[in-house]
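Here's the structure, in structure tokens; my notes come after.
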Amino acid sequence: MTEKEYNLCVDLYADNVYRFIVKNLRHEEDARDIIQTAFEKLWRNREQVENDKSKSYLFTVAYNQMIDHIRKVKRIQLKEDFHESTFIGQQRPAQLKKVLMEALNRLNETQKSLIMLKDYEGYTYEEIGEIMDLNASQVKVYLHRARLAMRNYLVSPENVL
């Protein structure tokens, strides 16, 4: 990968990787740190990374950095809660968003990442498999189970709006 190809990779994928990580972590500063580390690793390994594999490589590195970060945070028992203020005119959409986020947060790390990559970012099963080191069949099965878990939570009587 040349310097020009690296710069093009930054332009093309930085926003997508950032959105993926920040949706999972829900903390912008940590997401920025992870993205910066991922691009730094891509730069250091640019001779070994083929240009057409740069997207997959970047998402894989960012995903692994995110998992390491989550494990580290769990180990030191830090927990930050972010509460969104709701406005009277936007109460129903705010409630809906809150319930959806609660459903997403109830999933394990793998399921949450699969939902984010497929449904929010629009990646194919094969691309997700490359990013998460799974085969396409595993991606489909895990994604189906994640969606079922979300559906079961969303249709429970206390969560129906």
Item to check | For the chain, calculated [θ]222 nm from helices alone, where every DSSP H run of n ≥ 4 adds -39500 (n - 2.57) | outcome: -23000 deg cm²/dmol
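Could you do me a favour and compute the accessible area per residue for the chain, 1.4 Å probe, result in Å²? Present the calculation step by step, with values, prior to reporting the outcome.
Numbers: 10570 Å² over 161 residues.
I get 66 Å² per residue for this part.
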Checklist entry - Short version: ³J(HN,Hα) in whole Hz for each residue of region 116-132, in order, from phi by Karplus 6.51 cos²θ - 1.76 cosθ + 1.60 (θ = phi - 60°), x for Gly and Pro, what are they? => result 5, 5, 7, 8, 8, 9, x, 6, 6, 4, 5, 5, 5, x, 5, 5, 9
Checklist entry - With the chain treated as a Gaussian network of Cα nodes joined by springs under 10 Å, which of ASN45, ASN24, ASN16 yields the largest mean-square fluctuation? => result ASN45
Checklist entry - Under 29 Å from the Cα of LYS72, which lysines turn up, not counting those fewer than eight places away in the same chain? => result LYS23, LYS41, LYS53, LYS55, LYS97, LYS98, LYS112, LYS118, LYS140
Checklist entry - According to a simple spin-label model (label point 7 Å from Cα along Cα-to-Cβ), what is the distance in nm between LYS53 and ASP11? => result 2.5
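Can you tell me the FRET efficiency between LEU154 and ASP68 if r is taken as the Cβ-Cβ distance and R0 is 35 Å, rounded to the nearest 0.05?
The pair LEU154/ASP68 has a calculated efficiency of 0.70.
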Checklist outcome for this item: Output row, site ARG26, 7 Å Cα→C-beta label point, backbone N cut-off 20 Å, window region 111-137, residues 111-121
Checklist outcome for this item: For the chain, the percent of accessible surface on carbon and sulfur atoms (probe 1.4 angstrom, ligands and nucleic acids excluded) is 49
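The values are calculated or read from the model by the stated rules, or taken from the named source; none is laboratory data. Keep in mind it's a predicted model, so treat the numbers as computed, not measured. Cβ atoms come from the backbone with ideal geometry, glycine included; neighbour counts cover every protein chain shown. For accessibility, only protein heavy atoms count, side chains too; no ligands or nucleic acids. Shrake-Rupley method; radii C 1.70, N 1.55, O 1.52, S 1.80 Å.
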